[in-house]
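Below: one structure, written as structure tokens.
Just so you know, all these numbers are worked out from the coordinates, no wet-lab data involved. Owing to the predicted nature of the structure, the values given are computational and were not obtained by experimental measurement. Reconstructed Cβ throughout: ideal geometry from the backbone, glycine too, with neighbour counts over all protein chains shown.
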């Protein structure tokens, strides 16, 4: 038995036999054709291009209908690549000049494009190489007329193990047969992981060489919650995970009755439980699972996978759709957190050695004023439709916050002069996700209406651990005493000043940490839809005195191991069905 740690990108746990896909789908020999064969072979190639484009468009329509228009648009990149005359002409020229068979010409040209994409200076853009590989495999399949491995004719549940999966492969998976997948490479922002989350397929990526360590038929456990893959688990481990999985499913069914109940402790202390979303259609999922609002609407996906910058109207329509789905409940719209691992055409050719420490988030917005103002205009226009709150990310100092607020005031004034109604009482808040903001939190009192602690970034900045790097993934934990002390610094200061504090990072959605955050005085838990009911169950199972006792005990420990072990034991005693 071996346990591997990777990057958790889609939640859930699955146990099943593995099906292993090699990194290379086709072996293409360098075949030379006769002069008389050139034109017929070019015609065959053109037919393969047309069939491939038709397949991609059908897939786009199906994904758009089943999951959402924005996810369907992911495949526009591949359609555009197949429709690019320069790409097609390069392949045709290789067939005509060197008399190579179309299969070999396709492989050579598209592998060259893949190398160029991989060489791009930022992680987000280099992850787009999956689209190039997807196009190559689709063309080759149409030319050769066969598939290396079919995932469409599975008769038994499996877990897919692959070097990587393309977006269209992932979208074509049958969740009733493919229970999970794990890959050697990948990141949190790739198209593949976006599609996996939307389809509800548990996934772990960035495992380096998991394909080399597994054979088809091997039993494997994929834990998409913690980023773990267990290879050939022993009987006790299988039993432990299987029992935990069954308890979890039973608990999910039993927790249904909590949906319409408040998140109130047994002694009457109520907190707000809100959802995190990336797309407007996710609002309904959150509401169906008992959210009373949206605490984090990540808006950067309006920018990704587009050839042109989104217009003010693009922003407005997306926000209007989300606000309408909220039906009067509050929604917190975070301005774009671009940069770091989320790059667009706006990023240009910037080569940042440490992108998470570079021009990202509010810094990025303040360097792209026109785009920032377009988003602010759309948010303010949309504020007339419901209970909108606006939140600025990655604020590190007062100057940044004041610059953002000044631009917001300018935009508001412009809209009022144009006779466009906006909510005069819209609340403005900031995220606290860097140590400087936590340490200087008292200086921000009076400058904004609320704080929201982004524990994902706060943890990585406090601990100097890149949370997307599988090599140091084991060091990334919000249970580290230094992280907890940062959070307490914020909550104590905010409570004394009467400022509302939320937590919108992944920590808020982990049952083990719920009691600590409750004891620290967090007023809003903003979590993904998948964990809403579990967090509500924890909150409704304890008194505030119990939460405070747990909190006091935690601050006596000197290491994250002690903290996490203690919290796991407390949660196991209170809610054994939540702990593996």
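Couple of notes before you dig in:
- Compared with the dominant principal axis of the Cα atoms in the chain, helix 511-520 is inclined by about 30°.
- Difference of contour (0.36 nm per residue) and Cα-Cα distance, residue 96 to residue 116: 4.8 nm
- Relative contact order for the chain, counting Cα pairs under 8 Å that sit 6 or more residues apart, in percent: 15 percent
- Protection proxy ranking, highest mean first, for peptides 55-67, 519-531, 264-276, 97-109: 519-531, 97-109, 264-276, 55-67, where packing is the per-residue count of other beta-carbon atoms within 10 Å, averaged.
- Working from Cα pairs under 8 Å separated by at least six residues, relative contact order for segment 197-335 is 17 percent.
- Rounded to 10°, Cα long-axis angle of helix 481-497 versus longest principal axis of the chain: 50 degrees
- Where a label projected 7 Å from the Cα of residue 261 along Cα→Cβ would reach, residues of segment 508-547 with amide N under 11 Å: 536-542
- Helical content alone sets the calculated 222 nm signal of the chain at -14000 deg cm²/dmol, taking -39,500 (n - 2.57) per DSSP H segment of four or more residues and averaging over every residue.
- Separation of the residue 445 and residue 565 label points, Cα + 7 Å toward Cβ, nm: 3.8 nm
- For peptides 83-95, 422-434, sequence by mean Cβ density within 10 Å, most packed first: 422-434, 83-95
- Distribution of pairwise C-alpha distances over the chain, 10 Å bins, in %: 3, 16, 26, 26, 17, 8, 3, 1, 0
- Convex hull projection area averaged over all views, segment 35-144, Cα basis, nm²: 7.1 nm²
- Helix 560-574 axis, angle to the chain major axis (alpha carbon atoms, nearest 10°): 80 degrees
- Take 558-568, 478-488 and order them by the average number of nearby Cβ atoms within 10 Å per residue, most first; the result is 478-488, 558-568.
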